[in-house]
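For reference, the structure is listed below as C-alpha cells.
Bear in mind these aren't lab numbers, they're just calculated from the coordinates by the rules spelled out. Since the model is a prediction, treat every value here as computed from it, not as a measurement. Ideal geometry is used to build each Cβ from the backbone, glycine not excepted, and the neighbour counts take in all protein chains shown.
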Amino acid sequence: MGSVQICIECEQCSYEFAMDDYNYRTGERLTFCPRCGYKKSYTYETDESGNFVMKTDLYEIDEKTIGYIPKGPSFDYVKSEMELLKRFCPFSRNITQEELNSIDKKAYIVKTDSKKEAIEVYLSFWYNRKIIKEDSKTFLQHTHPVPRQEEKQGHGICCLGGALYYLEDLGVEKALELAKESEYKEHSYVTQFRDGKLEVLYGEIEG
Ligand SMILES: [Zn+2]
C-alpha cells in the first residue's frame, strides 16, 4: 500500500467529507471536495536532474507529540484524523535507532499538535530518520523533500449520476443541460462556489 486516505473538512465550502489522499511513496498529496469541486494538490521541488530537493529538520522527543501510529489492517481508510490519533504512541526519550528502524515500516511516524488533536507533520515518509542524543536530550532528525507551492483550483461540480466533472471543464450552461438530461437525474447536481458561498444550481446535495 502506498497511500493514506482520510476525510477532512473542505477548506473552501466546509463540507466535512472531502477526501484527502496522501501517497507516502511519491509524496504527492491530493485533497478533493465532491460538493464544491475544490482541489488542492501538493508536489515537491526537484533539481535539473529531476531529484528531490531535500531539507533536514530536527524534532526534540518530548514524550508527548512525537511518536507513531501503528498501521491498521490492510487498506487504511479512516473517517478522520482523530480516529488515527486514538492509536498514537509517543516515543520515549530512551528510544534507540534500532527501535525506530523496527517500527518504521509498520507505522506512521508523526508529530501532533500540543493537544494531540491533529497531526502536524507526517515523519514516516522519505529516506532518512535518525535518533540523535545531545546534552541528555533526544532528537528525531528527519530528512524530507521541500514542498513546492501547492496548487488550488475548482469552483463547482457537475455530478451526473455519480460521475463527477469540474464545472470549469463543462461550463455552467453545458453542466445544467447535461444534469437535466441525465438518466440519473435524481442523483445529479450542479454546484458553483462564488463569493464565498456554495450555490446549488441544480439538484440536491447532502449536508
Ligand atoms: Zn468543498
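Couple of notes before you dig in:
- Summary value for the stretch 54-145: 38 percent relative contact order, contacts being C-alpha pairs under 8 angstrom separated by 6+ residues.
- The chain: relative contact order in percent, alpha carbon pairs under 8 Å with at least 6 residues between: 20
- Estimated from helical segments only, the mean residue ellipticity of the chain at 222 nm is -3000 deg cm²/dmol, where each DSSP H run of four or more residues counts as -39500 (n - 2.57).
- A simple count of charges around L178, restricted to other residues whose Cβ falls under 13 Å of its Cβ and scoring Lys, Arg +1 and Asp, Glu -1, yields -2.
- Theoretical FRET efficiency, 1/(1+(r/R0)^6), r = Cβ-Cβ of S136 and C89, R0 25 Å, to 0.05: 0.65
- Paramagnetic label reach from V172 (point 7 Å along Cα→Cβ; backbone nitrogen cut-off under 14 Å): within the stretch 182-207, residues 190-202.
- Zone of E98's modelled label, taken as backbone nitrogen in the stretch 23-64 under 12 Å from a point 7 Å along Cα→Cβ: none
- For the chain, C7, C89, C158, C159 stand unpaired, since no other cysteine beta carbon lies under 4.7 Å from theirs.
- Over the stretch 1-62, relative contact order from alpha-carbon pairs under 8 Å, at least 6 apart, %: 21
- Take 194-206, 110-122 and order them by the average number of nearby Cβ atoms within 10 Å per residue, most first; the result is 110-122, 194-206.
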